[in-house]
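Colleague: Structure below; questions to follow.
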Amino acid sequence: MIISEVLDSLKDLYLPQTCAACLTQFGEDGHDGMCGNCLKRLELFEVALCKRCSRPSGTDICSSCRRDPPKANRIIALGWYQGIFAEMIRGAKIWGIHECLSYLYDRIKSELEPEYDAIVAIPSNHKLVKILSNEIANMLDAEFLELVRRKKEAIEQVGLTKKERKENAKKSFELTSKKIPQSILVIDDISTTGATLDAVCSLLKDNGAIKVDAFVLAIVPE
């Protein structure tokens, strides 16, 4: 074991953990990067969901998907990007408290179909999506492939309107291989307008994929 690993182990044993959601240190009241108080307040989707986009809906397919269906065959999401769940994701993404994801893995496994040829991550500057993709690949015994990359000239989506996001996303990604599996699960952390997921799912389908589902931790409320 190298020195840095020894120091990390000692830190975990003797120093208080930091909660991914509220960023306060805690002792026995909580574990795996989440304090007990924030865990009690963590809210995920519990109501009936649209079978196409996973947003809460009173019908099998919501009016939004009937009007303008996503490019993915199905989008699976765990909750709204708000409250403690949003803070938890930010803590994992920005502060690197990735252990908090352990609270979500059983729920994720129950939501996903058991068989995909490959797991593909949306390119990101943060480690969160790659860590999530690797865990889901192991969970489903599927291959994690880095099939999609962001073009060098691509610009960020932050600050763009919904229409601008859609047009920008279409020209922001490219494939790293011409060999595309038939059944793919695309992974991202957050879906804001769905433009990025649409662009990547379309790219994969246009190049040979038959079924492309998508999984995100959370959806930003409209």
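Colleague: Quick one: in region 17-35, which of the residues that are in contact (Cβ under 8 Å) with a residue 60 or more places away in the chain and surrounded by fewer than 20 Cβ atoms within 10 Å (Cβ to Cβ) is nearest to ILE84 (Cα to Cα)? Break it down into steps so the answer makes sense when it comes.
Modeller: Within region 17-35, the subset in contact (Cβ under 8 Å) with a residue 60 or more places away in the chain is 18-23, 32-34.
Checking the rest, the ones that are also surrounded by fewer than 20 Cβ atoms within 10 Å (Cβ to Cβ) come to 18, 22-23, 32.
Values: THR18: 15, CYS22: 8, LEU23: 11, ASP32: 15 Å.
Ranking the qualifying residues of region 17-35, first place goes to CYS22.
Colleague: For the subset of region 47-93 comprising residues that are of a type in the set (Ser, Thr, Tyr) and either buried (at least 18 other Cβ atoms within 10 Å of the Cβ) or modelled with pLDDT of 95 or more (or both), which member is nearest to SER183 (Cα to Cα)? Write out each step before concluding.
Modeller: Restricting attention to region 47-93, the residues satisfying the condition of being of a type in the set (Ser, Thr, Tyr) are 54, 57, 59, 63-64, 81.
Among the residues that remain, those that are also either buried (at least 18 other Cβ atoms within 10 Å of the Cβ) or modelled with pLDDT of 95 or more (or both) are: 54, 57, 81.
Values: SER54: 20, SER57: 27, TYR81: 27 Å.
Only one residue fits best here, namely SER54.
Colleague: Here's another thing I want to ask about it. Which residue out of SER124, SER172, SER133 is surrounded by 13 or more Cβ atoms within 10 Å (Cβ to Cβ), modelled with pLDDT under 95 and under 30 Å from THR24 (Cα atoms)?
Modeller: SER124
Colleague: Same structure, new question: If PRO221 satisfies every condition in (1) modelled with pLDDT under 95; (2) crowded, with 19+ Cβ neighbours inside 10 Å; (3) part of a loop (DSSP other than H, G, I, E, B) but one, which is the exception?
Modeller: If we test PRO221 against (1) modelled with pLDDT under 95; (2) crowded, with 19+ Cβ neighbours inside 10 Å; (3) part of a loop (DSSP other than H, G, I, E, B), just (2) comes out false.
Colleague: State all residues of region 175-202 that are within 22 Å of ALA137 (Cα to Cα), in contact with a helix residue (DSSP H, G or I) (Cβ under 8 Å, 6 or more places away or on another chain) and not in a helix (DSSP H, G or I); if no residue qualifies, say none.
Modeller: Answer for region 175-202, where residues must be within 22 Å of ALA137 (Cα to Cα), in contact with a helix residue (DSSP H, G or I) (Cβ under 8 Å, 6 or more places away or on another chain) and not in a helix (DSSP H, G or I): LEU175, ILE180, ILE184, LEU185, VAL186, ILE187, ASP188, ASP189, ILE190, SER191.
Colleague: Just checking, which of LYS166, LYS205 is assigned to a helix (DSSP H, G or I), touching a helix residue (DSSP H, G or I) at 6+ places or on another chain (Cβ under 7 Å), of a type in the set (D, E, K, R) and surrounded by fewer than 19 Cβ atoms within 10 Å (Cβ to Cβ)? Step through it out loud before you land on a result.
Modeller: Details: LYS205 fails: touching a helix residue (DSSP H, G or I) at 6+ places or on another chain (Cβ under 7 Å).
Residue meeting the stated conditions: LYS166.
Colleague: Considering only residues of region 141-163 that are surrounded by 14 or more Cβ atoms within 10 Å (Cβ to Cβ) and more than 20 Å from the chain's Cα centre (by Cα), which is farthest from GLN182 (Cα to Cα)?
Modeller: LEU160
Colleague: Here's another thing I want to ask about it. Say we look at region 36-46 and pick out the residues that are touching a helix residue (DSSP H, G or I) at 6+ places or on another chain (Cβ under 9 Å) and under 18 Å from SER191 (Cβ atoms); which of these is surrounded by the fewest Cβ atoms within 10 Å (Cβ to Cβ)?
Modeller: Once the filter is applied, the top-ranked residue is GLU43.
Colleague: Let me ask something additional. Give the residues of region 196-216 that are more than 19 Å from the chain's Cα centre (by Cα) and over 12 Å from LEU175 (Cα atoms), sorted by residue number.
Modeller: Correct list: ALA209, ILE210.
Colleague: Could you check region 48-140 for helices (runs of 4 or more DSSP H) lying wholly inside it with 2 or more residues that are within 24 Å of GLN17 (Cβ to Cβ) and more than 11 Å from the chain's Cα centre (by Cα)?
Modeller: Output list reads 83-94, 105-111, 128-140.
The values are calculated or read from the model by the stated rules, or taken from the named source; none is laboratory data. This one's a predicted model, so the numbers in the text were calculated from it and none came from an experiment. Note that each Cβ is placed from the backbone with ideal geometry, even for glycine, and that neighbours are counted across all protein chains shown.
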